[in-house]
Structures are given as C-alpha cells and as structure tokens.
Amino acid sequence: MLSCAPFGVGNPIVSLFPTPHATLTLTKFSNRANFLKRSSISSANYQSHKISQAHYDSLRILEWDKLCDSVASFARTSLGREATKAQLWYLNQTYEESLRLLDETNAAVEMRKHGACCLDFSGLNVVLVQSAIQHARRSSPLDGNEALAVAALLQCAEVLQNNLKVAIKEDADWYTRFMPLSPVIMGFVINRSLVKQIQQVIEEDGSVKDSASPTLKRLRNQVRTLEGKINQLMNSLIRDDSETPSLEVSTVDGRWCIKSSASELTSFKGLLLPSSSGIGSIVEPLSAIPLNDELQRTRALVSEAEAEVLLTLTEKMQMDLDNIEQLSNSIIQLDVVNARATYGLAFGGTCPNLFLPGGLGFFTSDTYLSGNRHPQQSDPSKNEWVLYLPKAYHPLLLHQHRQNLQKARKDLKIATMEIKRKLQGEYVTQKAGKNIDISSLELKAIELEQVKPIPVDFFIAQKTRVLVITGPNTGGKTICLKTVGLAAMMAKSGLHVLCSESVQIPWFDSVFADIGDEQSLTQSLSTFSGHLKHISDIQSQSTSHSLVLLDEVGAGTNPHEGAALGMSLLESFAETGALLTIATTHHGELKTLKYSNDAFENACMEFDDVKLKPTYRILWGVPGRSNAINIAERLGLPGKVVDNARELYGAASAGIDEVIIDMERLKQGFQKLLYEGQHHLMLSRESYEKLLVAKRKTMEHSNDQRLRKMREISEAAAMARSILHKKVRQHRASLVQPLQPTLTHKSQHKLETNGQRTTDDKHQMERSASFLSSSEKFELPKVGNVVFVSSLGKKATVLKVEPSKEEIVVQAGNMKLKLKLDDIKT
C-alpha cells in the first residue's frame, strides 16, 4: 500500500489519493499496463491468448493487424506502442471491460480538448526507466542516462498532476469529466527529493558532475593536470623531432601516443604500437609511459568515484522503487489510452453506444457510465436498430487516403522549392517545362482532396439475423463487410468508430469472417473446399453474441448447388447461429429468403445505369438485379445478340428485374425526400438557435436600457437634493445675520413688518426643511455606501449612521469624520 503524505508539508514524497478507491484504481491501472507490456501476439502465439484459429484467420482477413499498427503509431513512447498493440490484440474482454476502455478513451479525448491536461509523453524514455528499475532491483549502479530518464518521468507526472489540480480548482466538474483517469493521475507518488538529487549530480548528457562529490572533483582535477602535462610533453617531442614529418598527438586505449603518417623512425625512443590502418606508425614515448600509467590509475579512481555517486542514487531510488515502477506502468497505460483517443480525433471518430442485447433489454454504455450496472428497458425508439452505423468509413482506406494526400502535398512543396532554387541559375525558357510538372502535382493534390473514400450506411433492425447483400463485382460489397467487422472490433477494444454521426453497435464476443480467395495449399484444399472448411469452423465456434461475415457465399462450384448450399447455411445461422450474419452473394435464389423468413433482410449495392459505374452506396430492403445484359447493350453489343440473351434469360426473370427497377426508383425517391427533410430540419434547428440568440440579446439590451434609465433618474434626484440643500443653507444663513441698531422708527416699523414676513418665511422654510429631513430620513445612506463630502471636496465611505441625530460617520483616506446629513451628497 502506498503511503499518503500531505502536499508540501515537510515530506518530499507527494501522494494524493482522494479515496481508497483511487489507490485500487491506480494499482489495477498500472498492473494492466504491466500485463500489456509483457503481452504480444502473432501467428505463433495466438493460442496462448485463447484465440481460435478461425478467429485469428478472420482478424487477419479483416486486416486488424494493420489497424492496430495505425493506432499504435499515435503512442508517444516505444513501450506505449507495444502495449497498444497488445491491448488491441487482447480479445477476451468482457462487456464491462469494453465499456471501461471506452470510458478511458472518452476521458483522454476530454483531456486533449482541455489542452493543459494533454497526455503527451513524447519526451520520456520509458525503456531507460525500466532498465533503471531492473538495475535497482539487482542493487547495481544506475547509468547516468537512466537516472535522467527517471527524473524526467517524475517531473512529467508532477506537471500532469499539477495541471489537473489547477483545472479542478477552476471547475470541479473536470474531475468527473476526466474519470476514470482522474484518480489515476491524482494518485501519482512523486519523489521530489530524488529528482533534486539527480539534477544535482548528473549532467544533461548523462555524465556525473564534478560537484557530485569532493573526491570525484579532486580526481578529475588530477586527470586534467596529468593530461596537460602529457600534452605539453608530446608537443615538446614533436617540436624537437623536426626530421620526421607529419607527427601528431593521438590516443590508443586512453594512452597518449605520437602518430606518424610515414614509416620512418622517430628521434625519440618509445614503444611501437600496432596501427589500425596499417599505414604509418604509432609510438608511445618512453618518457610518457609513467605519466600514462598514472593517468590510467587516476581515471580508474574517477570511475570508482562516479560509481559511488551512481550507487548512492540507486540506493535512494530503491527506497521508493515500487512507487516508481507503478508510476512507470501507469504512464505506459496512459500512453495507450492517449493513442486510442488521438487516433479517434485524428480521423473524426465517434464514441459508439455499445450495448449488450439480452432478454431483459438493452444494457447500454449510458447505463454503465451512469452507475447502473443492471440491464434495463431502454427507449424503443433508440433500440429500433441492432446495428446503426451512419456514414461509416473503412479505417484503412481513410488512413491510406490521408497518407496519399500528405505525400502529394509534400511532393508539391518539395518540387516548388526545388524549382525556385534551380530557376535562379537557369534560363527563362526552361520555366515553362517546370510549370507543367508543378501543374500536374497540384492537380493530383486537388483530386485527392476532392475524391475521398465514400462512407456507407448500415441500418439493421433488431429482428434481422441475416442480411443478404447483392450487387455487381467491384461494387463495394467486400469493403462493406470489412467496414462493419472493423467497426465492431474497434468498439469492443475501446476505440472510437469512424462515423460522422452517433453510432449504436452491439457488443460482439467474436468477429468471424470468410472473405476473399483463401485457398489452403498446406491442406491440399481447393478454393471452394477451403471456404467450406473455414465456414464450418466459424459455425461451430460462433455464439449468440458473435458477428459472422461471409463473402460470396456458395460461390466456387455449380451455381445451383452453390445457391442451395448457401441458402441452407444462412438459414442455419438465422436459426441457431450468430447474433448477426452479413453475407454477400451473386445467387438470385438467396434474395427470396426474405419473403419466407422474417429474420432475413435484403440490400444491394447501387449501380449507376447511365455512367455504368457503381456508386458504392447501399440500398436497403431492395434485392439487387442483374445488370450484365443492359451493360452489354450500352457498350454496343449487337442488338441481335442482346435480344437473344434476353430471350434465353427468360421473360419471368426480366419481369422480376422490372419490379426491382421500380422498387429501386421508389427507394431512391424516398431517400431524396428523406435527405430533403433532414436538410430542412437542420435549417429549422439553425433558425431556432438564431432566434434564441436574438431573444437573449434583446433581453440583455432591455436590461441595459432599464439600468441606464435608473442611473439617470438617480443622478437627477441627487442633483436636485444638492440644490435644495444649498438653498436651505442660504436661507438659514440670512436669518442669523445681526440687525442694524441705527434704524429709524419708521424703519423699525418697516423692519417689524418685514420681520413678520421673514418669520413667516422662516416658518415656511422650516416646514420645507422638516419635509426634506423626513425625506432624507427615508433615504438615509447605508453602511458601506460611498458619499461625497462637500467640505472636503472628495468621496468618503460610510462607517456608521445615526438616524436620530441625523448624523453619519465617514472615513476619507486616513481621516474619520462625524458629519450632518446636510454636508454630504449621496
């Protein structure tokens, strides 16, 4: 069990486990990485993975190995690529395990979209980390590069963990959105002291620093001193020997020597050493032998001192070895998850709704992820289809198209740069010829951009157990089979399916396929016999949760016998065989099974009668018709021959073809109306979203206008109160002025009369002031409000309000003042 230490509290080892479940999750996660790292599969060891020969041959036919290589190429570490292939080839997952793999992939997609929590381990060398762990297990000194790899691993884990903590601090929902990877990353145990010690003693190139130990520093200084003395001695000998030309200082096995390109003897005595080139001579001067010996001894002491430093690092690493190994395994598995997520994002994949068909209903990935581990009855509208793959792409064709497009763009870029470079020294007349090459490359790139792989739609209803697809050769039937097979395997293995829309696909325990001309030479079987042997193995090994793909069933023998055998095989699969069987055929008799058995459904590959080319689209519910006679007629075959062929073909068959033509026209018309309806629905949704945006903007504008008007009214009221306050103060000041004593009686009488008026005015003003005071009492400022102090000419904050005294306490800067209400403006 890993120890838990508080973050940054005197303990250099940081462990963040939110719950005991996080510890269990991390342990399981790293153990799975360790298992996948040791696992691999090939034709020689598939039996160890309990994969039958028929299952393995089916995956080889579907080119599953190429898809695994394509996904593994997105892993950032070498062990991550190996573990990715091992995980994709491990085909014994349960339904719950497949859901967990998809959950991991979805979390990695969310982390890549977040940006800061991206699982990019391109700078790590996990091979060196594993080597360091093995050396530490054996108590042997680490290599300097291994120590740097361990430090890089710990630093990368710390950065990832810190980024996740920052994201969770900003929005706690990220922890849930990154599940189940969040507890794995938060559970990383990071030994910071080990990282610091490695950085202190190891250089960036993997060598031990001079400052790693006093002994090492002293010995290296001795080595440099000895090398300086030997170098000075060698240069002196070369200067003294002016008769021998082309002398130069050299080293042989760490010993300083003098090398001569000529075979002449030198003037100084020494030991003649063998020359690797056989030309010239190499001499170790006698005077240099003691210094060379001392230098060798000192270098040996340096190596011992370096080994002591590295052994100290090894002992430090051994104290936390289990945590480092668990962290390494977790990083490898995170690299595997990131490879699956990056592959899906790179090719526009969609997370499949993986469900488990059963008697109790549909056990979907949505119910699993919501925490409900029990099957439940789902919405019938969502479960109309047993297989729903809209606009599904063949992953290998899409990958090949992308590679071809990238190559075309690269060739165009290189050619453009090359022409610009060459034209600087060539005549203008040669420029036209160069432009032709550029034009062809540009045209090729444009064609590849426009001609993309054509997706196919698969909508198979629940009641259908066998789908029969007919159509012309090179019409895309085989590609359709492989697309469905690979999509089923991808969903089961935790990969996003390459569809442009949401996908619903059942969980298949196995995918079996009999496609192509698989002739068994080792068993001396013909093509027909090889197919029958393979189909027999498939029928015996398939279960009620298997997917079976049969290409050209009943072909390779007499048409009537082949058709009868094909009908019997398909009826057997429909009754007691796989969950879903998809078969392609040219036999017209197999088209009639739908009309006698509800478990069958027909489909055909569409053919353009005008262009005489297949469209690679599937027409559902319509059996295919023969196009050979019509094609022959359009290609200019004599009318007599065409008419005779129609006669031999039979009026009844021709009548059936006419019915099929009418059905195809109705189907195409329905599809056209469906597409138009979907287009109008999309436009309606866009218009509705625009209306919602306009409504929100209108409400925001209305609120802004209301707030603006309220501010204007408030400012006007404040200004009116300020003017009224000023008038009241002026009247009060005029009432307290001293009376003049030198006035005459008449003046006194007049003054008395005026005084009476003034008294009346005073009473009137007092009544106004009383009214104003009552009004102000109703609108007293509150504690915390900012008011304007007229006497100071600045704003102040209200600290205390005394309504009875009509006074307030304010603070303006460092001053606290008690003011009357008349002295402030709100």
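Listing for the model above:
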{"quantity": "Label-point separation in nm, Asp598 to Asp210, each point 7 Å along Cα→Cβ", "calculated": "9.0"}
{"quantity": "Cα-centre dipole for region 531-648 with unit charges at Cβ (Lys and Arg positive, Asp and Glu negative), debye to 20", "calculated": "380"}
{"quantity": "For region 297-306, Karplus couplings with θ = phi - 60° (6.51, -1.76, 1.60), whole Hz, Gly/Pro x", "calculated": "5, 5, 5, 5, 5, 4, 4, 5, 5, 5"}
{"quantity": "Paramagnetic reach from Thr576 in region 541-569 [backbone N under 14 Å; point 7 Å along Cα→Cβ]", "calculated": "541-544, 569"}
{"quantity": "Per-residue ³J(HN,Hα) for region 500-511, Karplus 6.51 cos²θ - 1.76 cosθ + 1.60, θ = phi - 60°, Hz, x for Gly and Pro", "calculated": "7, 10, 5, 10, 10, 9, x, 7, 9, 6, 8, 10"}
{"quantity": "Gain in span if fully extended, Asp609 to Ser52, counting 0.36 nm per residue against the direct Cα distance", "calculated": "196.1 nm"}
{"quantity": "Estimated FRET transfer efficiency when R0 is 60 angstrom, pair Glu227-Lys422 (beta carbons, to 0.05)", "calculated": "0.75"}
{"quantity": "Derived scalar couplings ³J(HN,Hα) [region 70-77; Karplus, 6.51 cos²θ - 1.76 cosθ + 1.60; whole Hz; x for Gly, Pro]", "calculated": "5, 5, 5, 5, 8, 6, 9, 10"}
{"quantity": "Extension gain from Ser73 to Ser502, taking 0.36 nm per residue of separation minus the Cα-Cα distance", "calculated": "151.9 nm"}
{"quantity": "Within-14-Å neighbourhood charge of Asp598 [Cβ basis; K, R +1; D, E -1]", "calculated": "0"}
{"quantity": "Two-site label geometry, Ala645 and Gln671: point separation in nm, points 7 Å out along Cα→Cβ", "calculated": "2.5"}
{"quantity": "Inter-site label distance for Arg721 and Thr543 at 7 Å from Cα along Cβ, in nm", "calculated": "8.1"}
{"quantity": "For region 87-131: rounded, prolate or oblate by the Cα gyration tensor [a/c cutoff 1.5]", "calculated": "oblate"}
{"quantity": "Residues Leu681 and Leu799, FRET efficiency given R0 of 56 Å [Cβ-Cβ distance, rounded to 0.05]", "calculated": "0.35"}
{"quantity": "Summed residue charge, Cβ within 12 Å of Val195's Cβ, Lys/Arg positive, Asp/Glu negative", "calculated": "+1"}
{"quantity": "Dipole magnitude of region 280-323 about its Cα centre (Cβ charges: Lys, Arg +1; Asp, Glu -1), debye to nearest 20", "calculated": "200"}
{"quantity": "Sum of side-chain charges, Leu62 neighbourhood, beta-carbon under 12 Å (Lys, Arg +1; Asp, Glu -1)", "calculated": "-2"}
{"quantity": "Efficiency of FRET between Lys169 and Glu315 - r from beta-carbon atoms, R0 45 angstrom, step 0.05", "calculated": "0.75"}
{"quantity": "Placed amide H near Leu271: partners under 5 Å, 5+ positions off or other chain", "calculated": "Glu284, Leu286"}
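Since every read-out is calculated from the coordinates, none of them should be taken as a lab result. Given the structure is predicted, the values throughout are model-derived calculations rather than measurements. Backbone-built Cβ (ideal geometry, glycine too); neighbour counts: all protein chains shown.
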